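The values are calculated or read from the model by the stated rules, or taken from the named source; none is laboratory data. In this text, all values refer to a predicted model and were calculated from it rather than measured experimentally. So basically every Cβ, Gly included, is an ideal-geometry build from the backbone, and we count neighbours across all protein chains shown.
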Amino acid sequence: MKILIRIIGYPALIGFGATWLWACLAGLAIVLGMGWALLAIAVLLCLRFFVVLQLAALAGAIAVWHLPVLLALFLAMPRLFLMLPGIVSTFLANRRHPRVRWSL
């Protein structure tokens with residue numbers, strides 16, 4: 001199983017990361033131009049401002065590649081779909097069992 005992960009999983013992860021960076025470049029190149037977009041991506045990666053890069057990837061996937069919004073969201077923020085069931089269950093639990101509000 002470990003060999004299968006090394007043969008298939010790692011190249012797939014590298015390919016997804018390269019596609020994500022390409023979408024970031026496409027999104028920032030609309031606004032800044034290609035040269036400044038490359039510099040901005042390098043600076044943002046060094047400073048770890050991933051939220052800006054995620055928004056740029058979302059803009060690039062929607063505006064340049066004309067992807068549907070859900071597919072563009074999955075490309076830009078894949079962890080969002082992993083966190084979504086927990087967010088929904090927490091919201092429903094708070095609706096079902098609200099906190100007690102004490103009056104003073």
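Annotations
- When restricted to residues that are farther than 18 Å from VAL52 by Cα, aromatic (Phe, Trp, Tyr) and either in contact with a Phe, Trp or Tyr (Cβ under 9 Å, 6 or more places away or on another chain) or exposed (fewer than 10 other Cβ atoms within 10 Å of the Cβ) (or both), the range 71-98 contains 1.
- Any hit, the range 21-29, residues being in a loop (DSSP other than H, G, I, E, B), in contact with a helix residue (DSSP H, G or I) (Cβ under 7 Å, 6 or more places away or on another chain) and crowded, with 18+ Cβ neighbours inside 10 Å: no
- Helices (runs of 4 or more DSSP H) wholly inside the range 39-104 that include at least 2 residues being of a type in the set (Lys, Arg) and more than 16 Å from the chain's Cα centre (by Cα): 78-96
- Being at pLDDT 95 or above and either on the phi > 0 side of the Ramachandran plot or of a type in the set (Val, Ile, Thr) (or both) is a property that VAL100 lacks.
- Residue ID - farthest from PHE74 (Cα to Cα), chosen from residues in the range 35-54 that are surrounded by fewer than 13 Cβ atoms within 10 Å (Cβ to Cβ) and of a type outside the set (A, V, I, L, M, F, W, C): GLY35
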